[in-house]
Every structure is written in C-alpha cells, then in structure tokens.
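Only one structure is covered here, and it is reproduced in the block below.
The values are calculated or read from the model by the stated rules, or taken from the named source; none is laboratory data. Given the structure is predicted, the values throughout are model-derived calculations rather than measurements. With ideal geometry, Cβ positions are generated from the backbone for all residues, glycine too; neighbour counts draw on all protein chains shown.
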Amino acid sequence: MSALTHLDRLEAESIHILRETVAEAARPVMLYSIGKDSAVMLHLARKAFYPAALPFPLLHVDTSWKFKDMYALRDKVGAEQGIDLIVHKNPEAEAKGINPFDHGPLHTDLWKTEGLRQALDMHGFDAAFGGARRDEEKSRAKERIFSFRTASHRWDPKRQRPELWSLYNVRKNPGESMRVFPLSNWTELDIWTYILREAIEIVPLYLAAPRQVVERDGLIIMVDDERFRLNEGERVETRSVRFRTLGCYPLSGAIESEADTIEQVVQEMLLATTSERQGRIIDRDAGEGSMEKKKQEGYF
Amino acid sequence: MALPNASKYQAGERDLIAADISAYLAKQTSKELLRFITCGSVDDGKSTLIGRLLFETRQIFDDQMAALEADSKRVGTQGANIDFALLVDGLTAEREQGITIDVAYRFFATAKRKFIVADTPGHEQYTRNMVTGASTADLALLLVDARKGVLEQTRRHSILCNLVGIRRMVLAVTKMDLVDFDREAFDAIVADYRAFAEQVGIAEWIAIPVSGLTGDHVAGRGEAMEWYEGPTLLEHLESVPIDSAADEAKPFRLPVQWVSRPDQHFRGFAGQVASGSITPGDEVRILPSGRMTKVARVVTMDGDLPQAVAGQSVTLTLAEEIDCSRGDVIAAAKDPPHAADQFEATIVWMADEAMTPGRGYWLKLGTQTVTATVAHPKHQLNVNTLEELAAKTLDLNGIGVAELTTDRPVVFETYRDAEGGPPNRVLGGFILIDKLTNATVAAGMLHFALRRAENVHWQALDVSRETHARLKGQKPAVLWFTGLSGAGKSTIANLVEKKLAAMGRHTFLLDGDNVRHGLNKDLGFTEADRIENIRRVGEVAKLMADAGLIVLTAFISPFRAEREMVRRMMGEGEFIEVFVDTPLDEAEKRDVKGLYAKARAGELPNFTGIDSPYEAPEKPELWIDTTKLSAEQAAEQIVSAIMDFERR
C-alpha cells in the first residue's frame, strides 16, 4: 500500500480540475496574479499537461501599481518557452490616471474588476482559472470549484451548481463563463509546504529584507517607486519587512519580520495571531460581507 | 466575555514549530487526508462543534477571534459566551436568517491528518446539499442533541449518508453539559440509535459524548465524563480508516481525461487513477472498444514513475498505437469494467423543475458524457423511513429508483462495492445536466445494467453494424411473429421472406422448429425453458440484425415480458412485432400438426392456450387477423409495412 500524503492528494485533485477544464472549455485562460498561489497554480498546470506546453495563455490584469519585484518575476515567466502571457491594462483607467492615492475603491473597481471583464470579453475566454482558496475568507468557504458566471460576469449564489464526487459540469451557454479554482481545498499552510517541497519560485517580497517603508493608518506600506506620495508627517524608514499577500504596492500592508527563508516564514505564520487577509486594505472597504459583494460584481 | 479554555491539544505542535521548523515541515508533508461531512442543524450545536474543532486545532487567528468576540456580543446566541457558530456561517443572507443554506468547506489539521469538512444544513429541504457534501466524504459526523435524542432528522441524515455510500458514522451526542454529563442520557441515545442502525444496515458507527461549549471529548478528555472510555472525537477522526487507501486494492481503472500530443512522437493519456494501481508492462484493456495493449510508461513532470496508484493524476503511454480518447477507460485487462446502455439507478433530484421522464438529459459519468432518458420512477424513497412510495416523477430533493437509457454504451461500475469496500464513486456516480439551461439537475448512483448481454462489450469490432447494413444496402430489422400454435406464423413468415428475397433483401427466417432441433434442443416447455428459448432466439436475432440482415422469427413467444425484453435489445424502431391473431378455437380446428389433440389428451403438458397462457400483444406494430386475411394477403400487408419502415 502506497502512502499518498495530503499534498499528493491535493495536487492530484488540482491537476484533475485543470485537465477537466481544458478538455471541456472552449477557451480557457489562467489568471496569473504573480502571487504565491498563482505560482503554485502555474506549477500544477505545468505538471498537468507535461510534456505538452500549457494549452492556455496566462492573463495578468495589470494595474500598473504592482511591486517592481512582481513585474520582474512576471516578465521572467512570460519569457519562458511555451508560455503565452497576455498583459491587460484597462485603457480607461490608464487614460484617467486612476491610482490608489486619489481614487480609493475606484482604483480596484476600474483596474481589476473592470479590467478583468474587459480582458475576458476581448479574448472570448469562457473559463478562467483563479488561485482563490476556500480557507481565505468566510464567504469563500461555499464557493464552488467551478463557479458559474452570467454573461455579465456576475456571480449569482442561486445559480451555482452542486458539485458531487469529482464530477464537474463545465457546460454553459454562449456568453456565460466559469471561474475555476483548482486550489479550492488548499490552505495557506498547504501552499507553503508545497512551495517548499516543489522548490517553486516566488516573488522575494514574501521573505523578509530591509525595505523602504512608511507607516500609514496602522499599516506598513512599502515605498516601491517615486510615484509614492508622502503625507505630512510621514517618514520613510528602512525596516526588515515581508508581505503575506501581494497586490498593488500602495495597498499592501507589510509585517515586520526577520524571516528570510520560507521555513521561517511558515514558522512565523504558524505562531502568528492574525489571519492572512488582514494586510489587505480592500477587504475593509465595505465592512461586513465586502468580499461577497465584490464577488457578485465580478472581482475574483 | 467568557473565553473558552485555551487549546492544550496543539501545544506539542507549537513547541516543535518554535524549536525546529524544518522537522515540523517534514512532518507536514507526510499527513493523510480525511474528508468528512457534518450532519445536524445549528440547534444541535453543529456550528459550535466545528468552531470548537477549528479552535482546538488552532485554525482561528487572533483577529478572527476578536471579530468573533465582537460578533458574539452583537448577534450571538450564546449570551456572554463565544458563539462559535458565527465562525462557520458564511453568506450574509444566511447569517441574517441564522441558518446555513449551502455546503461550506472547512479545513483543519492535526499532526497526523488534514481534514476537509463539508458542512451542510440539516433541514429536509436541503437534502441536495447534504448529498453533495456526502458524495466525497469518508465519514459522517452525525450530531444529536443530548436533550432531544435521536430525531427523525438524525435518521434521515443517516439514511442519506448510507445511500451515498458513506460506510462510517460518528454519532456525536452534543450539549452533554446541558444534561449534567449524564451517562444514562447518553446510553439511552446509543441504544436507540443501535436499533435504528441495525434496521437500515449501518455497520460501522461509534457514539461519542461531547460538549462543543466546554470542549469535553472534542480534543481533550475533560473530567466531567470519566465514565466514557472510548476515543475523543479528534482521536477517532485521526485513526479511522480512509476510503482512498482501500481504493488501491481494487482493479485498475483510469478514465481518460485528455490526450496529450505535444508532437508526433508522444501520445499520452492523462487522467486520475480511479482505483487500483498500474506498473509499466501491465496488460490493459481500453474500453469500450475492448482493445488490449500494455502500459509503456507512467509519465510525470518529476520523471517516470515505477507505479501509479488510486488517487494520482498521471499520464500513461501505451505500448501500441491504439485508438483511445477522452471518455474511454483504461482498465486492468483481466478484470475490466462493463459497458451498458440501460441501467437501474438511484436518482437524487436537485432542480426546482421536476424530472421529465423521457426527456433527454446530458449524463456525465467519469469523463464520459452521453444523452440519457429516465423512465418513470419505480418508486420514490421516503428518506425519513426508507418507505418506498409510488411516484410519477421526482421533485426537488426527491430520491427515487428509476431505469435510464443512454444513447451509447457507458463504461461503468455499480456504485456500491460488491465486496463492501468504498463505493465506486468515479465509475458508479453520475450527474444529469439540463440540455437547455446546462444546470446540474440530478445526481445518480448506478445499481446495475439491465441488459447483461451488453456487459460482454469487450470484443473489439472493426466492422460496425452500420457497415454491415450499408454493404447490404438495407435497414436491418427483426420481424417478430407471435401467436398461438397453428396460427399461421411460419406460413406467413415464409411467404414474407420469399417476397423480400425476390426484392433483393438479405433475410433469414428463424423458426420454432429449426431452432429447437439445434441451438435450443436442451430446452423443454416449462415456463423457465420457454423464457430461455425466447432469450436465445432474441440474441441470435440481434446478432443477425447486427450483421445487417432482416430477420424473421416465428415463435409462439407467449409471454409479453420476454417479447419486451427482445424489443429492448434491438435498436430504436428495429423490432417489429407481428401479431398473427387466430382465435384458439380456430387454431384448434385447423390443428395442422395434431398438437392440440395431443395436448387435450394430456400428452403435451404446458401447451399454450390449453394449460399454459398466451399473453396477446397490446400494441403490436402489425396486427394480422387470419380470420379476415388469407396468408398471401397478410404477407403483402407485412411487406408493404417493411417498405414503409425502410423509407423512415
């Protein structure tokens, strides 16, 4: 009797989901956000289709406000043989100069939510892989692995399909689409232990290093480029920090840490006392049920 | 705010994390995975118990704890205490209603195992959610309020879990704190459940007295219930056998998901091993074609594997270039599954719109998608009592047994394992999909195939029945003449065959007399032998129709059921029943072979019409009244009907 571990089983399930989508969807795409979950998802996709190249492109919905380190890894991945990377920036947001300093929630709405819809419609993608996990947030605990979206990309809790066994219903009418979450059953600890086991490359921002930061509204924000606007009384200082989640740099809170290996990061995480999404400003926007509202609007 | 006792359970783990993270992480990679479902309602303390499990295994961070404390004060139902239920209720609307209305998945882990918990609501109107959550579970955690005992709901949940093939149950008797941790209260509930479990055939179950509020017997033992000597809930969850391990002992099956063709030299078949194991060099059969070959390699990105086992997603290459595509099943050559196109199944209806018998639905089973029609249910199941009720259709949350027919053979296994192992989820479970809305409308579990003949579908056929028919330039059909002895079946069938032959048709006449002298000479005239006689003739007629022939059969074939059986063997519209209607007194008067006289004299027992019944067809395709038509006229009428059939 072999002993498949929980990571083996999670891996096999994710690969099954990836293959099932490719077999049944007309135009699948993988949303590549450059974060650690995306890195794991991409790794699983390579495994799923090896020795063939990925049978779908990667899509990065860019906001032009990501960390420099993220762009560096993205461009490195995009340059690999067999990888077709599409970068989409919402032209309207670009023209209006939408930014996290002046526009608040509109920044996420226009660049991410609207940008994603545009890209999916423009290329006619009918199934988009996302790296969301059920353990991230309460409203995601009920998310399906194959999440059905109407032609206007809305998530309707009443029209989600029951998922039995490992049988997924990928059928849909023209215009309708699916978000597919191969990492649904992974936890943050699973992600980290898998990154270690498989030696998956991640953005160095996940590991602690001396970085230029300011403190704002109780969050430690990194000053990643010259566009950062200092408020009165704010002071740029160098602190040893790392990030638990990565997004637009002015919206991502760092935590002070000396953990500069993945092992130490996991150690800190396990002994830590705050949950993962705590460092993200967007979840706080609307208080109760905010993620659920975003999901209904088409945000991942 | 009364904070629950801090967890001691994970203290050892945390020490290791702090002292030697590498050693800890090494342990993390060797955990097992157990999936279970929780059944019960918020009233039974379900959410409290799950919340307690998450808390005890440190899945709750301080910020969540702080939010929980605030929420508990605001909307909690536990007074000054932490309301763990708030941790697990998800969507805003549900939280306002105070009930969970969907399946939520929770995760926690101990040093030995990672757990995936399907949390489903308990009310009857959420049967579909429970079945969904149960479909992947190794175990069911049934909650019973110590104050209320085993309720109808408990029985329903047990029946549903048993139906979906969960073999192991845990009866968690909750809120023991509210009955002063009383042993007698617990024992009474256990005795009650034991009687029920025996009745419905639940073999493996254990009862554990717990309190989600105080945490007793969830992770730690506590002092309040020293009379209980069994394992705590977590101890049990950590040690109970896992289904997926038992799947490895079954014969090898891999439903092909995707064919990998990166270049001309590589052709791999990707899929997740449903059961068994495979090693390069092993003989396999590709179904439904039945072709045999050997496995050449087990390909993964990490290098070729010496073996693949149940649960793994791999890519196989085969020793020979063989037709194999998505939907096919690669199986152990010596022990392959069967293929069939008619089944009996348990169906759980999951859509607001009721089932429409006769309508075509997509049926997805493994990686196969076919069109299926469902007959009127044989019965509907009362999930509270297991009572079988008559039903014309199935409504939302209705569970029934029905026959279904697919438009082509499906490679399958019976859902329930014959050896008592875990259910054959991959090749025995299916969903039905509405062709218009694409919604998943039902889940089903196959019992068995209705036509055993189809099970022997392994022999690969290079020349198909369509090819045979095309070569002969005709439409195959079976003209089934039925009627009393001496009705004129053989006479008319002979005339029909002559006419068809004159028109250039390829035909063959199977006659009661010629078959009984050879193929069926071992059969007599008892009811059982008559049924077998017709079955064999039906099989031969089917083979001949497969060969492209127009087959004429002339048999008394007195029983309606057997004629229907033969009808089902043939393709749609290919079975043409010809009722040669001659009244008994007329046939007896003619008595061409002198058989009626012998029968009347008692020399021929079981003679149709005399001491054995003849069940006349109710709706034959052709009705020949021999008191009004001559044999020649009858033959002409039949031939013209065949011409009509060919034009259709």
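Considering A:Gly104, A:Gly78, A:Gly82, A:Gly97, which residue is within 14 Å of another protein chain (Cβ to nearest Cβ), surrounded by fewer than 20 Cβ atoms within 10 Å (Cβ to Cβ) and over 30 Å from B:Asp247 (Cβ atoms)?
A:Gly82
Against the condition under 20 Å from B:Ala134 (Cα atoms) and either surrounded by 21 or more Cβ atoms within 10 Å (Cβ to Cβ) or not charged (D, E, K, R) (or both), how does B:Val170 come out, does it pass?
It is true that B:Val170 is under 20 Å from B:Ala134 (Cα atoms) and either surrounded by 21 or more Cβ atoms within 10 Å (Cβ to Cβ) or not charged (D, E, K, R) (or both).
Could you check how many residues of segment B:263-285 are within 14 Å of chain A (Cβ to nearest Cβ) and basic (Lys, Arg)?
1
Looking at (1) away from chain B (no Cβ under 14 Å); (2) outside any helix (DSSP H, G or I); (3) within 17 Å of the chain's Cα centre (by Cα), find the lone condition where A:Ala132 falls short.
The failed condition is (1).
Output the residue which, of all residues in segment B:537-593 that are in a loop (DSSP other than H, G, I, E, B) and acidic (Asp, Glu), is nearest to the chain's Cα centre (by Cα).
Across segment B:537-593, the extreme among qualifying residues is B:Glu572.
Taking A:Thr63 as meeting all but one of (1) within 12 Å of chain B (Cβ to nearest Cβ); (2) within 18 Å of the chain's Cα centre (by Cα), write down the number of the exception.
So A:Thr63 meets the others, but not (1).
With A:Arg229, A:Arg197, A:Arg242 as the choices, which residue is in a strand (DSSP E or B) and over 20 Å from A:Ala132 (Cα atoms)?
Result: A:Arg242 is the single residue among A:Arg229, A:Arg197, A:Arg242 that is in a strand (DSSP E or B) and over 20 Å from A:Ala132 (Cα atoms).
Taking the options A:Leu207, A:Leu164, name whichever one is farther than 16 Å from A:Val265 by Cβ and of a type in the set (A, V, I, L, M).
Matching residue, one of A:Leu207, A:Leu164: A:Leu164.
Looking at A:Lys66 and the list (1) at pLDDT below 95; (2) touching a Cys at 6+ places or on another chain (Cβ under 7 Å), which single condition is not satisfied?
(1)
Mind counting the residues in segment A:135-158 that are over 18 Å from B:Ile116 (Cα atoms) and in a loop (DSSP other than H, G, I, E, B)?
6
Of A:Leu7, A:Leu54, A:Leu18, which residue is within 14 Å of chain B (Cβ to nearest Cβ) and crowded, with 24+ Cβ neighbours inside 10 Å?
A:Leu18
Which members of segment B:27-37 meet the condition of being more than 7 Å from chain A (Cβ to nearest Cβ) and at pLDDT 80 or above?
Across segment B:27-37, the qualifying residues are B:Leu34, B:Arg35, B:Phe36, B:Ile37.
Could you please find all residues in segment B:630-648 being closer than 18 Å to B:Thr491 by Cα and not in a helix (DSSP H, G or I)?
Once the filter is applied, which keeps residues that are closer than 18 Å to B:Thr491 by Cα and not in a helix (DSSP H, G or I), segment B:630-648 yields only B:Ser630.
Out of the residues in segment B:286-323 that are acidic (Asp, Glu) and within 14 Å of another protein chain (Cβ to nearest Cβ), state the one that is surrounded by the most Cβ atoms within 10 Å (Cβ to Cβ).
Once the filter is applied, the top-ranked residue is B:Asp304.
Looking for whichever is part of a loop (DSSP other than H, G, I, E, B), among the charged types (D, E, K, R) and surrounded by fewer than 18 Cβ atoms within 10 Å (Cβ to Cβ) here; the options are B:Glu235, B:Glu198, B:Glu226. Which one fits?
Only one candidate passes the filter, namely B:Glu226.
Looking at the structure I just gave you, is B:Ala191 of a type in the set (A, V, I, L, M, F, W, C), in a helix (DSSP H, G or I) and within 30 Å of B:Asn424 (Cβ to Cβ)?
no
Within the group B:Trp362, B:Trp349, which residue is out of contact with any Pro (no Cβ under 7 Å at 6 or more places or on another chain), of a type outside the set (A, V, I, L, M) and more than 23 Å from B:Arg568 (Cα to Cα)?
Result: B:Trp349 is the single residue among B:Trp362, B:Trp349 that is out of contact with any Pro (no Cβ under 7 Å at 6 or more places or on another chain), of a type outside the set (A, V, I, L, M) and more than 23 Å from B:Arg568 (Cα to Cα).
Quick check on my filter: what residues within segment B:219-262 are away from every other protein chain (no Cβ under 14 Å) and among the acidic types (Asp, Glu)?
Residues satisfying the conditions are B:Glu223, B:Glu226, B:Glu229, B:Glu235.
Spot the failing condition for A:Arg161; the list is (1) surrounded by 20 or more Cβ atoms within 10 Å (Cβ to Cβ); (2) outside any loop (DSSP other than H, G, I, E, B), and only one is missed.
(2)
Taking the residues in segment B:495-514 that are under 21 Å from B:Asp591 (Cα atoms) and crowded, with 16+ Cβ neighbours inside 10 Å as candidates, determine which candidate is modelled with the highest pLDDT.
Ranking the qualifying residues of segment B:495-514, first place goes to B:Leu495.
Of all residues in segment A:180-205, which are touching a strand residue (DSSP E or B) at 6+ places or on another chain (Cβ under 8 Å) and facing chain B (nearest Cβ under 9 Å)?
Hits for segment A:180-205 are A:Ser184, A:Asn185, A:Thr187, A:Leu189, A:Asp190.
Give the residue that is nearest to A:Arg9 (Cα to Cα), with candidates limited to residues of segment B:110-144 that are part of a helix (DSSP H, G or I) and β-branched (Val, Ile, Thr).
Among those that are part of a helix (DSSP H, G or I) and β-branched (Val, Ile, Thr), it is B:Thr132.
Take the residues in segment A:164-179 that are in a loop (DSSP other than H, G, I, E, B) and in contact (Cβ under 8 Å) with a residue 60 or more places away in the chain; name whichever of them is nearest to the other protein chains (Cβ to nearest Cβ).
Filtering segment A:164-179 for residues that are in a loop (DSSP other than H, G, I, E, B) and in contact (Cβ under 8 Å) with a residue 60 or more places away in the chain, the one nearest to the other protein chains (Cβ to nearest Cβ) comes out as A:Arg171.
If you take the residues in segment B:258-285 that are polar (S, T, N, Q) and either outside any strand (DSSP E or B) or over 25 Å from the mean Cα position of the chain (by Cα) (or both), which one is surrounded by the most Cβ atoms within 10 Å (Cβ to Cβ)?
Taking the candidates together, the pick is B:Ser260.
For segment B:534-545, enumerate the residues that are closer than 17 Å to B:Glu646 by Cα and at pLDDT below 90.
none
From the residues in segment B:609-628 that are surrounded by 15 or more Cβ atoms within 10 Å (Cβ to Cβ) and modelled with pLDDT of 90 or more, which one is nearest to B:Glu586 (Cα to Cα)?
B:Thr626
Would you point out the residue of segment B:107-123, among those that are basic (Lys, Arg) and within 30 Å of the chain's Cα centre (by Cα), that is nearest to the other protein chains (Cβ to nearest Cβ)?
That would be B:Lys114.
Only one of these conditions is not met by B:Gln59: (1) more than 11 Å from chain A (Cβ to nearest Cβ); (2) at pLDDT below 70. Which number is it?
Tallying (1) more than 11 Å from chain A (Cβ to nearest Cβ); (2) at pLDDT below 70, B:Gln59 fails exactly one: (1).
Only one of A:Trp186, A:Trp192 is within 30 Å of B:Thr57 (Cβ to Cβ) and in a loop (DSSP other than H, G, I, E, B). Can you tell me which?
A:Trp186
Of the numbered conditions (1) under 22 Å from the mean Cα position of the chain (by Cα); (2) farther than 19 Å from B:Glu413 by Cβ, B:Asp243 satisfies every one except a single condition; which is it?
So the condition that B:Asp243 fails would be (2).
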